[in-house]
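*Asks:* Mind looking over this structure? Questions follow.
Derivation of every value follows stated rules applied to the coordinates shown; laboratory data play no part. Just so it is clear, the structure is predicted and the values come from calculations on it, not from any experiment. Virtual Cβ from ideal backbone geometry, glycine too; neighbours counted across all protein chains shown.
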Amino acid sequence: MDEITFTPRELDVMSILWRSGSGTVNEVREALGDELAYTSVLSVLQTLEDKGYVRHEPEGRAYRYHPTVAPEAAGHSALARIREAVYQGSAELMFAQLVSDRKLKRDELERMRRLLAERLKEEP
């Protein structure tokens, strides 16, 4: 499972499963907040299961779905695709875009600074 890819709807569903840890079709459907049919949500979950991103276990008359891939792994794959597609492979350009966001709080920027400092210490 090297490259993890999601459609926008699949990512919505995965986000719910990552936040809650698991969910039935009805729980996911309610959390989505859209007026989607039960069968539409079920279809997305089944597709995610076919891709190996979720698993299910019986719970009464329903199934409870659990994510099998961590959000960090999915994020790494997504960022790599964005870096290549939008920033011509440049992590520096992507980082510059991120830190230029005026909505970032000072404490977030300070944590980023510490992460960079730690990463630089790893270099020979």
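*Asks:* Could you work out the longest stretch of the chain that avoids the trypsin sites (Lys or Arg not before Pro) located in DSSP loops with at most 14 other Cβ atoms within 10 Å?
*Replies:* Working: sites that count: ARG61, ARG102, LYS103, LYS105.
Counting only loop sites that pass the neighbour cut-off, the longest clear stretch is 1-60.
*Asks:* When the dipole is taken about the Cα centre of the chain, and only Lys, Arg (+1) and Asp, Glu (-1) are charged at their Cβ, what size is it in debye, to the nearest 20? Numbers along the way, then the final one.
*Replies:* Numbers: 18 positive and 22 negative charges, 82 e Å.
I would put it at about 400 debye.
*Asks:* Under the 0.36 nm per residue contour assumption, what length would be gained going from the current alpha-carbon distance of SER40 and GLU118 to full extension?
*Replies:* Numbers: separation 78, 0.36 × 78 = 28.08 nm, distance 4.50 nm.
In short, 23.6 nm is gained.
*Asks:* Regarding region 1-65, what whole-number volume in Å³ per residue does the convex hull of its Cα atoms give?
*Replies:* Details: hull volume 5.4 nm³, N = 65.
Considering the Cα atoms of region 1-65, their hull volume per residue is 84 Å³.
*Asks:* Another one. Could you list which residues have their amide H under 5 Å from that of THR24, counting only those 5 or more apart in sequence or on another chain, with H placed in the peptide plane?
*Replies:* TYR65
*Asks:* Using the beta-carbon distance between PHE95 and SER20 and R0 = 25 Å, what value does 1/(1 + (r/R0)^6) give for FRET efficiency, to the nearest 0.05? It would help to have the intermediate numbers written out before the result.
*Replies:* Details: r = 31 Å, r/R0 = 1.24.
With R0 = 25 Å, the Cβ-Cβ based efficiency is 0.20.
*Asks:* Follow-up. If every alpha-carbon in the chain counts as one equal scatterer, what log10 I(q)/I(0) does Debye give at q = 0.14 1/Å?
*Replies:* Rounded to two decimals, the profile gives -0.77.
*Asks:* Once you have the Cα-Cα distance between ALA80 and THR68, take 0.36 nm times their residue separation minus that, and quote the gain in nm to one decimal. Can you show the working numbers first?
*Replies:* Values: separation 12, 0.36 × 12 = 4.32 nm, distance 2.03 nm.
Additional length available on full extension: 2.3 nm.
*Asks:* Can you tally the net charge around LEU109? Count Lys and Arg as +1, Asp and Glu as -1, for every other residue whose Cβ sits under 12 Å from the Cβ of LEU109. Before the final figure, lay out the partial values.
*Replies:* Values: positive: ARG102, LYS103, LYS105, ARG106, ARG111, ARG113, ARG114; negative: ASP101, ASP107, GLU108, GLU110.
Every neighbour counted, the sum reads +3.
*Asks:* Sticking with this one: Within the chain, what's the longest run with no GluC sites (Glu not before Pro) in a DSSP loop and at most 12 other beta-carbon atoms within 10 Å? Give the range, please. Can you show the working numbers first?
*Replies:* Values: sites that count: GLU3, GLU35.
The segment 36-124 is the longest one with no such site.
*Asks:* Now for a separate question. In whole Hz, what ³J(HN,Hα) sequence does region 82-99 give by Karplus (6.51, -1.76, 1.60; θ = phi - 60°), x for Gly and Pro?
*Replies:* With coefficients 6.51, -1.76 and 1.60, one gets 5, 4, 6, 6, 9, 10, 6, x, 8, 5, 5, 5, 5, 5, 4, 5, 4, 6 Hz.
*Asks:* Further question on the same structure: List the chymotrypsin sites (Phe, Trp or Tyr not before Pro) within region 16-124 that fall in a DSSP loop (any state other than H, G, I, E or B) and whose Cβ has at most 16 other Cβ atoms within 10 Å.
*Replies:* Details: sites: TRP18, TYR38, TYR53, TYR63, TYR65, TYR87, PHE95; in loops: TYR53, TYR87.
Taking region 16-124 and a limit of 16 other Cβ atoms within 10 Å, the loop chymotrypsin sites (Phe, Trp or Tyr not before Pro) found are TYR87.
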